[in-house]
Every structure is written in structure tokens, then in C-alpha cells.
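I have placed the structure first, in the form of C-alpha cells, so that the comments after it can refer back to it.
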Amino acid sequence: MRTEYHRWYSGRVGREMGLVVYGHWGPPMLVFPTSGGDEWEMERQGMVAALADFIDPGRVKVFTIDANSRDSFYNRGAHPFHRSYMQAQYDAYVREEVVPFIRRSCQSDDIAITTAGASLGAYHAANTLFKHPDAVRRCYALSGVYDLKRFMDGMYDDNFYFNNPVDYMSNLDDPRLREWLGGCDIHLATGHGPWEDKGPTYRMAEVLRTKGIPHSLDDWGGMGGHDWPFWKHQMRTYLSAW
């Protein structure tokens with residue numbers, strides 16, 4: 001499998017960020033790590049190997065990136081408003097640095113991007129599509145959480161609001177955004193398997209339903225557990241339908 005590693009300093013997040021590209025061709029899929037992961041997590045956990053028969057023939061080109069959880073919501077030593085600011089900066093890093101990189105790599109200025117992620121990575125995958133449906137047209141959000149108030153110690157500001165999907169999507173009234181979102185393929189996956197809490201996914205799906213945003217609430221039942229074997233099975237099934 002063709003693998004490329006890239007790393008550059010991002011002034012937006014204030015440190016170097018890594019990115020790994022798997023595959024030589026195909027529709028791009030941007031994958032976010034879980035809360036404790038980095039750009040290599042998908043490979044370490046066997047997700048890249050599980051998807052190899054999609055990557056090698058060019059059915060998908062996978063881009064894995066680092067997260068900034070330790071700088072944002074998981075940075076308990078920082079003021080809550082610094083945490084939300086760093087999440088806003090991470091969102092800007094993805095849109096203004098990672099998206100252009102993917103488009104250059106795919107030799108297309110307007111190619112549609114798919115996002116994917118599990119656990120906190122599902123939050124990033126969904127948040128990126130909800131905020132940037134001009135660039136991201138599909139997402140697979142597995143075992144996600146979409147209301148992060150518990151990380152803010154009771155505080156709230158605009159940076160948090162615009163990166164807390166259950167809030168800003170509940171108030172969505174921009175006609176252009178609604179039009180873009182109406183053409184997206186949104187998958188929110190959960191189940192009642194081991195360690196899984198389906199409540200956050202059902203709540204996010206209800207927000208989308210009330211706003212008339214098409215989406216798929218994929219309840220995998222016993223195969224919807226909060227662990228890598230379940231997520232690998234789900235992603236293989238999703239990519240098989242491409």
C-alpha cells in the first residue's frame with residue numbers, strides 16, 4: 001500500500017500537525033482519531049489493514065490526521081474559554097489547511113470529501129460536515145458524542161456554541177447551508193453493544209430530523225459496540241456500498 005507522511009507547523013493550533021495518506025487514488029476520506037489518538041492511530045488499531053482491499057485498488061484514498069484534544073476540551077488545566085478557542089482553531093486548521101491539502105493530493109480543486117471517525121473522532125467528522133458542507137459531502141460518525149458541555153465546567157461562549165453540534169444545528173436557519181446539507185450523505189452510527197451509549201447519537205439524529213436535514217440513523221444493534229472490532233466492521237460495510 002502506498003503510504004505518505006506529511007507534517008507541517010500550523011499557526012492556527014500553534015504546533016506541528018501530522019497527516020498520513022494511504023493509497024494512490026480514489027475518493028478522499030478524512031479520518032479523525034479518538035480522544036487519545038493521533039495520525040497513526042488508524043494504522044496501529046488495524047483500521048487501515050481492515051480497509052486495505054478498498055484502499056489498494058483505488059476505491060478510497062484515506063487521509064488520517066492528528067487531533068488537538070489535549071489542547072482543547074481535554075486540557076483541564078486551561079480556562080474553558082481557551083479550550084473552546086482551541087477547538088475553533090482546530091476547525092479552522094481542518095478547513096483552511098487539511099482540505100486544501102487533500103484537494104491538491106487528489107488533483108482536484110472541488111472534489112467532495114468524506115469524513116469518518118469513532119468516539120470523539122465521530123464528533124469531529126460530523127462537526128466538520130455540518131460546518132463545511134461545501135467541502136464535505138458525506139460522513140460516517142461512529143459511536144459519537146455531539147454535546148460537549150461537560151468539558152466546559154458550566155461556561156459557554158461563541159467558540160463553543162459554533163462547535164457544539166446539538167446547539168448550532170438546532171438553530172440552523174441559513175438557507176444556503178440548509179441547501180448544502182440537504183445534499184449530503186450523513187450517517188450517525190450507534191447500537192447497544194459493549195460500552196456503547198446510544199443516547200448522544202439518537203439526540204443528534206432528532207435535531208437533524210426536526211430541522212429537516214436528511215440523514216441515516218444507523219442502529220447496529222449488538223454490532224454497535226464502542227470498540228475497534230465493531231468500528232472496523234461498520235466501516236467495511238459502509239465502503240462496500242460505495
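No lab work stands behind these numbers, since they all come straight from the coordinates. Everything numeric here is computed off the predicted structure, so don't read it as measured data.
Once Rg and the Kirkwood radius are both taken over the C-alpha atoms of the chain, their ratio Rg/Rh works out to 0.93. Straight-line cross-link reach from Lys198 at under 12 Å between alpha-carbon atoms covers these aspartates and glutamates, not counting any fewer than eight positions away in the same chain: Asp218, Asp219.
Quick one: work out the % antiparallel among DSSP beta bridges in the chain, nearest 5. Intermediate values should be presented prior to the final figure.
Values: 12 of 35 bridges.
Restricted to the chain, the bridges split so that about 35 percent are antiparallel.
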